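Participant: For reference, the structure I am asking about is given below.
The values are calculated or read from the model by the stated rules, or taken from the named source; none is laboratory data. Every value quoted in this text rests on a predicted model; they were computed, and no experiment measured them. We place every Cβ from the backbone using ideal geometry, glycine too, and count neighbours over all the protein chains shown. Side chains are part of the model used for accessible areas, which takes the heavy atoms of the whole protein and leaves out ligands, DNA and RNA. Shrake-Rupley method; radii C 1.70, N 1.55, O 1.52, S 1.80 Å.
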Amino acid sequence: MDGKCFHVSLRKLKIILEMIKFEHSIFALPFAFMGAVLGNIVVEHTWPTWSEIFWVTVAMVGARSAAMSLNRLIDRYIDAKNPRTANRAIPAGLISVAEVVVFIIASFALLFFAAFQLNALAVKLLPLAVFVLILYSYTKRFTWLCHFVLGVAIGFGPLGGFVATTGQVNFTGLLLFLSVMFWTAGFDIIYACQDYEFDRKEGLYSMPSRFGIANALLVARVCHVITFIGLLALYVTANLSVWFLVGVLISGAILVYEHLLVKPTDLSKLDVAFFNMNGILSMVMFTFTMIDLVIA
């Protein structure tokens, strides 16, 4: 590959990474690490190996990259109509459909290769994970439960980390999965409020377009209450120390603040509520989980 081709390829890769908001991996990756470490400590009473952590990271990068690229590809015509998303890479003509398809195939290959480096259960669960990843991008066309399908997809991250280091699914892993699932559904409902008018006009399904912004935000609050209860239950059932509880309480305060930022009549702080608060929450939970396990 000559210098010109290399620079073109690098530019295309940069466009794709911007398209899929690669930096938003901070939402899911800390919970995947949390699942991997917590699972191994609770079940095996030892730390996961660096090899396991590496392949969990590779699997998460592959899964998220494939899922986000698929979403952008499948939604390209919808994105072109929406003023908020019309400047995304595909509708704006910055990258071709063929190039995105190649990236999706490479991302799925990365996910599959990583799973085969872990254990048999991780491989057996691959078809289910891939099915949900693909299904999510179509759900806004037929159900307002689309936010919960995304929750399942993101929840597979920490559950996958748990499976990767333990080779099993138990109550602790399921509690973490459910907590992250409802957390994701809650913040995705908040995010969908900004497309309320567009979704109603185009006949797309979402909690805000079906029930209105005020009711949707109420459902988001309920989702985050369930998240908080789930994390508290995890603290009790996994016999964790006060450090984990501190992380849960801080996360609860973050969720309260997130909902104070967004009102049915004022969505001007939605980006702060969605991006900043949830990124901080995932890092807080991972950090206090690590402090708990290291000190214990």
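Participant: If each Cα of the stretch 214-296 is one equal point scatterer, what is log10 of I(q)/I(0) from the Debye formula at q = 0.11, 0.13, 0.15, 0.27 Å⁻¹?
Facilitator: Relative scattering, expressed as log10 I(q)/I(0), comes to -0.33, -0.44, -0.57, -1.29.
Participant: Return the subset of Lys14/Lys81; Lys14/Lys201; Lys81/Lys124; Lys124/Lys263 for which the Cα-Cα distance in this structure is over 31 Å, preserving the input order.
Facilitator: Lys14/Lys201; Lys81/Lys124; Lys124/Lys263
Participant: Carbon and sulfur atoms: what percent of the 1.4 Å accessible area of the stretch 155-296 do they account for?
Facilitator: 67 percent
Participant: Please compute the volume of the convex hull spanned by the alpha-carbon atoms of the stretch 84-135 and report it per residue in Å³.
Facilitator: Residue-normalised Cα hull volume stands at 92 Å³.
Participant: How big is the gap, in Å, between the Cα center of the stretch 77-155 and the Cα center of the stretch 193-252?
Facilitator: 22 Å
Participant: Now, a different point. Counting helices only, and only those DSSP H runs with n ≥ 4, report the 222 nm mean residue ellipticity of the chain as the sum of -39,500 (n - 2.57) divided by its residues, in deg cm²/dmol to the nearest 500.
Facilitator: -24000 deg cm²/dmol
Participant: Note down the accessible area of Lys269, probe 1.4 Å, to the nearest 10 Å².
Facilitator: Surface open to solvent at Lys269 totals about 100 Å².
Participant: Could you name the aspartates and glutamates whose alpha carbon sits less than 20 Å from that of Lys12, not counting residues in the same chain fewer than 8 places away?
Facilitator: Asp2, Glu23, Asp75, Asp79, Glu99
Participant: Moving to a separate point now. Over the chain, what portion of Cα pair distances is larger than 27 Å, expressed as a whole percent?
Facilitator: The calculated P(r) of the chain puts 42 percent of pairs beyond 27 Å.
Participant: In sequence order, what are the phi-derived ³J(HN,Hα) couplings for the stretch 184-196 according to the Karplus relation 6.51 cos²θ - 1.76 cosθ + 1.60 with θ = phi - 60°, rounded to whole Hz, with x for glycine and proline?
Facilitator: 5, 4, x, 6, 6, 4, 4, 4, 5, 4, 5, 9, 3
Participant: Now for a separate question. For the ranges 172-182, 157-167, 36-46, what's the packing order if you count other beta-carbon atoms within 10 Å of each residue, average per peptide, and put the highest first?
Facilitator: For the peptides 172-182, 157-167, 36-46, the packing ranking is 157-167, 172-182, 36-46.
Participant: From the protein chains alone at 1.4 Å, what is the descending order of accessible area for Val248, Val256, largest first?
Facilitator: Descending accessible area places them as Val256, Val248.
Participant: Please give the solvent-accessible surface of Val222 in Å², to the nearest 10, using a probe radius of 1.4 Å with every protein chain present.
Facilitator: Near enough 80 Å² of accessible area.
Participant: Using the Kirkwood radius over C-alpha pairs as Rh, can you work out the diffusion coefficient of the stretch 155-237 via Stokes-Einstein at 20 °C, viscosity 1.002 mPa s, in µm² per second?
Facilitator: 154 µm²/s
Participant: Residue by residue through the stretch 47-63, what is 3J(HN,Hα) from phi via Karplus (6.51 cos²θ - 1.76 cosθ + 1.60, θ = phi - 60°)? Round to whole Hz and write x for glycine and proline.
Facilitator: Karplus values, whole Hz, x for Gly and Pro: 7, x, 6, 5, 5, 4, 4, 4, 6, 5, 4, 4, 4, 5, 4, x, 5.
Participant: Reported to two decimal places, what Rg/Rh ratio describes the stretch 31-132 when computed on Cα atoms with Rh from the Kirkwood expression?
Facilitator: 1.11
Participant: Then there is this: Identify, among Pro264, Ile250, Gly279, the residue whose Cα sits farthest towards the positive end of the charge dipole of the stretch 207-296, taking +1 on the Cβ of Lys and Arg and -1 on the Cβ of Asp and Glu, with the dipole about the Cα centre.
Facilitator: The residue sitting most towards the positive pole is Pro264.
Participant: Something else about it: Hey, could you pull the Cα Rg and Dmax for the stretch 72-172, both in Å?
Facilitator: Spelled out, the Cα radius of gyration and Dmax of the stretch 72-172 are 16.2, 47 Å.
Participant: While we're looking at this one, here's another question. To the nearest 20 Debye, how big is the dipole of the stretch 1-153 about its Cα centre, given +1 on the beta carbon of each Lys and Arg and -1 on that of each Asp and Glu?
Facilitator: 620 debye
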